[in-house]
Amino acid sequence: MDVTTKINLIKEFAEEIITEEELKNLFETNSHPIAYDGFEPSGIPHIAQGVIRAINISKMTKIGIRFKMLVADWHAWANNKFGGDLDKIQLAGKFLIEIWRSTGMNLKNVEFIWSNNIIEDRDYWKKVMQIARNSTVKRVIRCGQIMGRAESDVTQSSQIFYPCMQTADIFHLNVDIAQLGMDQRKVNVLARELGNKLFGYKPVAVHHHMLMGLSQPPKTKKGVERTIELKMSKSKPETAIFMMDTEEQVELKIENAYCPIGIVEENPILEYCKYIIFDKFKRFKIEREKKFGGDIILNDYEDLVKSYKNKEIHPLDLKKSVSKYINLVLEPTRKHFEKNKKARELYKSVSSYTITR
């Protein structure tokens, strides 16, 4: 696969690449670069954490990238997830790995690494200290965004460690590509700024798009801050599809979702089509009664956008079809947790935990 094709495949999910020229040089000199993403175990994952993450990682491994998934259990502990109960956090991490297995994620070139193991390495903490010594407290607190927190919410001393640890993760794992969401860009930028000085190189940052929540978007922030504001959140369960949702729950949430007729911009239902349905299926069939024109077969997202803008597709018909396809996507996960005893016990335990922000 040539370099241009590789970059174009990454652009299918990347909202930002820092920088594209560096990524091009990396592919030209290294046929198997290392990329990583980290996840904080914190409960039942929503569809962006489960399905879309699997889609993105499979695309990267397809082009020869070796992927490291960091189970950030100590980071979640520092961030007070599950009330700071490390045992619960680690069980939730095992549950999330089981979720990805059920999605069909290509695990051939994916390695799961636990923070709990790398923190035993004295050299890791040396890197954390190097980063801390070269960062101001104000700068680290601004990075609180990566924990899903505003600067005013960073109140525990443990949360000061978090950005320094996440930056150290990149260099301790010898990462070439830091592939995380747009909400993580502040730490990736910090890593790029300090990388050459402290560790002799800086990683390419690939920031993937974050799926919108299903509610009507507020008209407030702009730019990256707005992208983060719109993202799907577990703290608003009625606006997110979760990996363990039933068919009925999926149908109800999508039925109630924001989807104005003829409007494409910031339309969460169309986002589901773009980032999930057209990635998982060769074509998208919207079922309609004959008196409204009959069924429509769409071969790509551009066809859908054109038809929807022209008001040839009604939101109710679109929602019904989206519900059907999303349930098809989630069905393998439902069956896996129904038939696999180990998976079922993990779900039973994690779903009983009290989630803390």
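Given the structure, is Gln216 touching a residue at least 40 places away in the same chain (Cβ under 8 Å) and in a loop (DSSP other than H, G, I, E, B)? Answer is yes for this residue. Taking the numbered list (1) surrounded by fewer than 17 Cβ atoms within 10 Å (Cβ to Cβ); (2) modelled with pLDDT under 90; (3) touching a Leu at 6+ places or on another chain (Cβ under 9 Å) in turn, Lys108 passes all entries but (3). The residues of segment 294-323 that are at pLDDT 95 or above and in contact with an Asp or Glu (Cβ under 8 Å, 6 or more places away or on another chain), listed by number, are Asp317, Lys319, Lys320, Ser321, Ser323. Evaluated against (1) part of a helix (DSSP H, G or I); (2) touching a Leu at 6+ places or on another chain (Cβ under 8 Å); (3) closer than 25 Å to Cys143 by Cα, Lys186 falls short on exactly one condition, (2). Going through (1) touching a residue at least 24 places away in the same chain (Cβ under 8 Å); (2) not in a helix (DSSP H, G or I) one by one, Leu91 falls short only on (2).
Exactly one residue out of Leu26, Leu107, Leu70, Leu96 is closer than 16 Å to Ile170 by Cβ, within 18 Å of the chain's Cα centre (by Cα) and in the same structural domain as Lys197 (by TED's automatic domain parsing): that is Leu70. Determine whether Leu211 is without any contact (Cβ under 8 Å) to a residue 60 or more places away in the chain, surrounded by 21 or more Cβ atoms within 10 Å (Cβ to Cβ) and among the aliphatic types (A, V, I, L, M). No. State yes or no: is Phe82 more than 22 Å from Pro163 (Cα to Cα), touching a helix residue (DSSP H, G or I) at 6+ places or on another chain (Cβ under 7 Å) and in a helix (DSSP H, G or I)? Here the answer is no, as Phe82 does not meet what is asked. Looking at Leu180, Leu173, just one residue is within 21 Å of Arg133 (Cβ to Cβ) and either modelled with pLDDT of 90 or more or buried (at least 22 other Cβ atoms within 10 Å of the Cβ) (or both), and that residue is Leu173. Based on this model, can you work out whether Leu346 counts as closer than 19 Å to Ile44 by Cβ and touching a residue at least 24 places away in the same chain (Cβ under 8 Å)? Considered against the rule, which asks whether it is closer than 19 Å to Ile44 by Cβ and touching a residue at least 24 places away in the same chain (Cβ under 8 Å), Leu346 comes out as yes. Restricting segment 94-120 to residues that are assigned to a loop (DSSP other than H, G, I, E, B) and of a type in the set (A, V, I, L, M, F, W, C), the residue that is farthest from Lys335 (Cα to Cα) is Ile119.
The values are calculated or read from the model by the stated rules, or taken from the named source; none is laboratory data. Bear in mind that the values here come from a model prediction, so they are computed numbers and not experimental data. No Cβ is skipped: glycine too gets one built from the backbone with ideal geometry, and neighbour counts run over all protein chains shown.
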